[in-house]
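Q: Starting off with a structure, shown below.
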Ligand SMILES: Nc1nc2c(ncn2[C@@H]2O[C@H](COP(=O)(O)OP(=O)(O)OP(=O)(O)O)[C@@H](O)[C@H]2O)c(=O)[nH]1
Ligand SMILES: [Mg+2]
């Protein structure tokens, strides 16, 4: 091997570090919180690809062998099969191109290709909640039962109030679970954030309209609409979410999904996006030991950015 090659390879960041960076993009700009969610996967990918960078020449066979390992690592992390398949295809196409095999540091180039594709899949720009609309800006939460919609509503309200100095109104549109509205009211009192007064007997769309009226009259910057979840993806939930969306015309529709959701995440995200239309995804329980694949899959099938990451049961 030429000395020049060795020098370059010594200077290059290790695979694990490169993927740590790719995954930290998920957390968005300005976040200094680290998540264990992708540590496993980034370590594995790093390990696999570090072995490639250790050598000089690469054959097509070497690339194929590494891609098989990458494929296995992604599947083990619960990334859906379709997403893995197209990911590997795109990487392989670029990686066995003549420029890579003939380059001085082919291993490094493969690492770069995998990294860039991962960034493509995850969305590179760490997008955050968009408040760029005429106030009160409506933001709607959707998702399955227990996914963390109400907790996320409170966490987001707290951040918008304390960090961004916005005046926030929270409204519960959950007319099914008796304690749901009270749960949000309690959170509001704890955090000193307004909640829409409870009026018995109203339908979710009526509450949404009333929330927007109250938002206007009260001079609020943001109105957070917390909707009811169902245990399974059903037409009733989709129809209701679509009706609420039509009534409130939310600037953001965020799918709140548990990071521990495995393969179902893809269906969930696709259905909500097709039926209701999403602007972003919120991942909760990132503090758990989820394998992260759900996030990659949801991002990949909907093309919608992961806008928030939730950790912890409490709102602080
Ligand atoms: N560890 C952890 N727990 C969370 C997180 N988000 C929510 N939880 C907990 O999950 C449970 C359900 O959260 P909720 O916010 O009530 O979920 P929901 O989507 O509003 O549920 P429904 O209104 O019944 O559809 C609560 O006990 C929360 O404390 C999170 O990011 N991490
Ligand atoms: Mg709730």
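Q: Restricting attention to segment 178-187, and to residues there that are closer than 14 Å to residue 225 by Cβ and crowded, with 21+ Cβ neighbours inside 10 Å, which single residue is nearest to ligand 1 (Cβ to nearest atom)?
A: In this case the residue turns out to be 184.
Q: Which ones in segment 126-149 are assigned to a strand (DSSP E or B) and more than 16 Å from ligand 2 (Cβ to nearest atom)?
A: Within segment 126-149, 137, 138 meet the criteria.
Q: Looking for something more than 26 Å from the chain's Cα centre (by Cα) and closer than 13 Å to residue 154 by Cβ - is there at least one such residue anywhere in segment 206-218?
A: No, the conditions are met nowhere in segment 206-218.
Q: Here is a further query. For segment 155-174, give me the residue count where each residue is assigned to a helix (DSSP H, G or I), in contact with a strand residue (DSSP E or B) (Cβ under 7 Å, 6 or more places away or on another chain) and within 14 Å of ligand 2 (Cβ to nearest atom).
A: Selection size over segment 155-174: 2.
Q: Continuing with this model, one more query. Restricting attention to segment 56-74, which residues are touching a residue at least 40 places away in the same chain (Cβ under 8 Å) and exposed (fewer than 15 other Cβ atoms within 10 Å of the Cβ)?
A: 56, 57, 59, 60
Q: Please determine, by comparing only the residues of segment 160-176 that are surrounded by 14 or more Cβ atoms within 10 Å (Cβ to Cβ) and more than 19 Å from residue 137 (Cα to Cα), which one is farthest from ligand 1 (Cβ to nearest atom).
A: Ranking the qualifying residues of segment 160-176, first place goes to 175.
Q: If you don't mind, there's one more thing I want to ask. Name, by its number, the condition in (1) at pLDDT 90 or above; (2) more than 16 Å from ligand 2 (Cβ to nearest atom); (3) not in a helix (DSSP H, G or I) that does not hold for residue 85.
A: (3)
Q: Here is a further query. Say we look at segment 274-316 and pick out the residues that are modelled with pLDDT of 75 or more, in a loop (DSSP other than H, G, I, E, B) and more than 13 Å from ligand 1 (Cβ to nearest atom); which of these is farthest from residue 138 (Cα to Cα)?
A: 303
Q: Only one residue in 257, 211, 228 is within 16 Å of ligand 2 (Cβ to nearest atom) and assigned to a loop (DSSP other than H, G, I, E, B), so which one is that?
A: Every option except 228 fails the conditions.
The values are calculated or read from the model by the stated rules, or taken from the named source; none is laboratory data. Keep in mind it's a predicted model, so treat the numbers as computed, not measured. Glycine gets a Cβ as well: all are built from the backbone with ideal geometry, and neighbour counts include every protein chain shown.
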